[in-house]
Amino acid sequence: MRKWIQGHSLSIAAIALFVAAFVGQVLTGRAEYNQDQQAHGEPPATLAEYLGTGHFGEATLENWESEFLQMAVFVFLTAFLVQRGSAESRKPDDEEGAGDEPSDEDPRRHRYDPRAPWPVRRGGVALALYRNSLSIVLFLLFLASFLGHAATGAAEYSSEQAAHGEPGAGMLGYLATSRFWFESFQNWQSEFLSVFAIAVLSIWFRQQHSPESKPVHAPHEQTGEE
């Protein structure tokens, strides 16, 4: 068990931090929601009731939406674009070793490798999809979160409108509001800024032992981890 935990410590730590932060969001979000309910003379929501509100769903999914968009765009763009000197970039064409990175190797050469994933061994359409499966899955997670944000945001928006005697909006109607796009853009811009920051700051700064950093002794002009 100890060996298994050590071998999966990064994902264990990440999910533990997620759960702790998620619980904190739920508890503080419910407290804020109930304060607003009290101000409008409405009964407070139980924990189960709060989890079914647009207030909770919108706050959660609009953030997941931006995170999945960030990762999808980052994975996709780094397959084609470069940043000279960055640990997060492929080597530019004029640098030694360009095109010889492990991710550039033709997977068809490993078709008969019994340890290769089954799409590699099968080839054809399965391999074509698998070659881009990481960005595809991330973009699908973004789309699911985007639609979830729109649906739960519409529910929260309509609830607020009803409290003020105004008409609500369905999902498509909410997509047409400036509020929806403000919520999205305020998150998207911060995610793209963080992509820019890690790509550029890794040119000059290091974190020993991290695969997201160049070796501490590496020159600033070196692109990639090696």
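Just a few scattered comments:
- In order along the stretch 178-194, the phi-based Karplus estimate (6.51 cos²θ - 1.76 cosθ + 1.60, θ = phi - 60°) of 3J(HN,Hα) comes to 5, 4, 4, 6, 5, 4, 6, 5, 5, 7, 4, 4, 5, 5, 5, 5, 5 Hz; Gly and Pro are listed as x.
- Filtered chymotrypsin sites (Phe, Trp or Tyr not before Pro), the stretch 54-114: DSSP coil and at most 12 other beta carbons within 10 Å: 80, 112
- All-pairs Cα distance distribution in the chain, expressed in whole percent, bin size 5 Å: 1, 6, 9, 11, 13, 14, 13, 10, 8, 6, 4, 2, 1, 0
- Whole-percent carbon and sulfur share, accessible surface of the stretch 22-67, 1.4 Å: 58
- Helix-derived mean residue ellipticity, 222 nm - over the chain, DSSP H n ≥ 4, -39500 (n - 2.57), to 500: -20500 deg cm²/dmol
- Accessible area per residue for the chain is 66 Å², calculated with a 1.4 Å probe on protein heavy atoms, without ligands, DNA or RNA.
- Calculated P(r) of the stretch 91-184 - Cα pairs past 16 Å, %: 70
- With the convex hull of the Cα atoms taken as the outline of the stretch 1-105, the averaged projected area works out to 11.2 nm².
- Estimated vicinal HN-Hα couplings, Hz - the stretch 109-116 in sequence order (Karplus 6.51, -1.76, 1.60; Gly, Pro = x): 5, 10, 4, 9, 7, x, 8, 5
- Solvent-free Debye scattering, log10 I(q)/I(0), computed from the Cα coordinates of the stretch 47-150 at q = 0.16, 0.21, 0.24 Å⁻¹: -0.86, -1.07, -1.17
- Cα convex hull, the stretch 159-207: 108 Å³ per residue, rounded to a whole number.
- Ordering of 13-25, 199-211 by packing is 199-211, 13-25, highest average first (other Cβ atoms within 10 Å, averaged per residue).
- Of 110, 83, 128, farthest towards positive along the dipole that unit charges on Lys, Arg, Asp, Glu beta carbons give the chain: 110
- Close amide H contacts of residue 88 (hydrogens built in the peptide plane, cut-off under 5 Å, sequence separation of 5 or more or a different chain): 224.
- Size descriptor, Kirkwood hydrodynamic radius, that averages inverse alpha-carbon separations across the stretch 80-132, Å: 12.7
The values are calculated or read from the model by the stated rules, or taken from the named source; none is laboratory data. Remember, predicted model here, so these are calculated numbers, not experimental data. When we count neighbours, we look across all protein chains shown, and the Cβ atoms used for this are built from the backbone with ideal geometry, even at glycine. Accessible surface is based on the protein model in full, side chains and every heavy atom, while ligands, DNA and RNA are left aside. Shrake-Rupley method; radii C 1.70, N 1.55, O 1.52, S 1.80 Å.
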